[in-house]
1. What do you reckon, is residue A:14 away from every other protein chain (no Cβ under 14 Å), surrounded by 14 or more Cβ atoms within 10 Å (Cβ to Cβ) and more than 19 Å from residue B:94 (Cα to Cα)?
2. Of the residues that make up the range A:28-36, is at least one modelled with pLDDT of 90 or more, closer than 18 Å to residue A:94 by Cβ, hydroxyl-bearing (Ser, Thr, Tyr) and out of contact with any helix residue (DSSP H, G or I) (no Cβ under 8 Å at 6 or more places or on another chain)?
3. Please work out which one of (1) within 10 Å of chain B (Cβ to nearest Cβ); (2) open to solvent by 40 Å² or more (accessible area, probe 1.4 Å); (3) over 24 Å from residue B:55 (Cβ atoms) is the condition residue A:79 fails and give its number.
4. Out of the residues in the range A:31-56 meeting the condition of being part of a loop (DSSP other than H, G, I, E, B) and either aromatic (Phe, Trp, Tyr) or touching a residue at least 60 places away in the same chain (Cβ under 8 Å) (or both), tell me which one is least open to solvent (accessible area, probe 1.4 Å).
5. I'd like to check which strands (runs of 3 or more DSSP E) are fully inside the range B:1-105 and have at least 2 residues that are closer than 23 Å to residue A:98 by Cβ and open to solvent by 50 Å² or more (accessible area, probe 1.4 Å).
6. Would you mention how many residues in the range A:84-108 are in contact with a Leu (Cβ under 6 Å, 6 or more places away or on another chain) and away from every other protein chain (no Cβ under 14 Å)?
7. Which one is most open to solvent (accessible area, probe 1.4 Å) among residues in the range A:63-76 that are in a loop (DSSP other than H, G, I, E, B) and touching a strand residue (DSSP E or B) at 6+ places or on another chain (Cβ under 8 Å)?
Amino acid sequence: AQRVTQPEKLLSVFKGAPVELKCNYSYSGSPELFWYVQYSRQRLQLLLRHISRESIKGFTADLNKGETSFHLKKPFAQEEDSAMYYCAFRLYGQNFVFGPGTRLSVLP
Amino acid sequence: KAGVTQTPRYLIKTRGQQVTLSCSPISGHRSVSWYQQTPGQGLQFLFEYFSETQRNKGNFPGRFSGRQFSNSRSEMNVSTLELGDSALYLCASSLGTGEKDFFGPGTRLTVL
């Protein structure tokens, strides 16, 4: 079965430090990968997806098929980045599979 | 544009009852997906509808069902409620599969 793992439940970094949220998936084909974010008291929202190859709020993520990873990175974390981050996986036209989430806390 | 709306926002039911949750998508969106979010299981996909047809279904028992109307509004129904059905139920709408989806605020269901 397809799975998404996010090894860190909680990640704390200081403001201005680089941040990397890890995501690995178990599938050998060509899936769609996504990062979703949920800020405190706000709705879940799409942050970015690998097919668009865009940078949102300074975050980027590169799909590494060899390592089956889709880590989320930002060179300089901001306090407003504190949120819950979910990595998600989908085979075209099929169900979403979400990771358990990583809570990012950016300390002042 | 108004965002995705879900009603009711909070609901308390007892075991054995049934419940219907409603989701109104963003105007023009024809795809609606439903998710269950719990502290233990995280976010799990329930089903996806597009133009009144169920396109995908997650790994949930038959007690969980849904439908979509011609105006793209969607409902999900859970029959014979169990304590474990207590969760935040989220819906999301998009123009179609593969398009960016927008989430509603969720309906928090508590089963006593």
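1. Judged against the criteria, residue A:14 is not a match.
2. yes
3. Going through the list (1) within 10 Å of chain B (Cβ to nearest Cβ); (2) open to solvent by 40 Å² or more (accessible area, probe 1.4 Å); (3) over 24 Å from residue B:55 (Cβ atoms), residue A:79 breaks only (1).
4. Applying the filter and picking the extreme gives A:31.
5. Qualifying strands (runs of 3 or more DSSP E): B:53-57.
6. The number of residues fulfilling the criteria is 1.
7. That would be A:67.
Conditions (1) more than 13 Å from chain A (Cβ to nearest Cβ); (2) over 25 Å from residue B:28 (Cβ atoms); (3) touching a residue at least 40 places away in the same chain (Cβ under 8 Å); (4) not hydroxyl-bearing (Ser, Thr, Tyr), marked per residue:
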residue	(1), (2), (3), (4)
B:47	no, no, no, yes
B:54	no, no, no, yes
B:61	yes, yes, no, yes
B:79	yes, yes, yes, no
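The values are calculated or read from the model by the stated rules, or taken from the named source; none is laboratory data. As the structure is a prediction and not an experimental result, all values here were calculated from the model. Virtual Cβ from ideal backbone geometry, glycine too; neighbours counted across all protein chains shown. These accessible areas exclude ligands, DNA and RNA; they are computed on the full protein's heavy atoms, side chains included. Shrake-Rupley method; radii C 1.70, N 1.55, O 1.52, S 1.80 Å.
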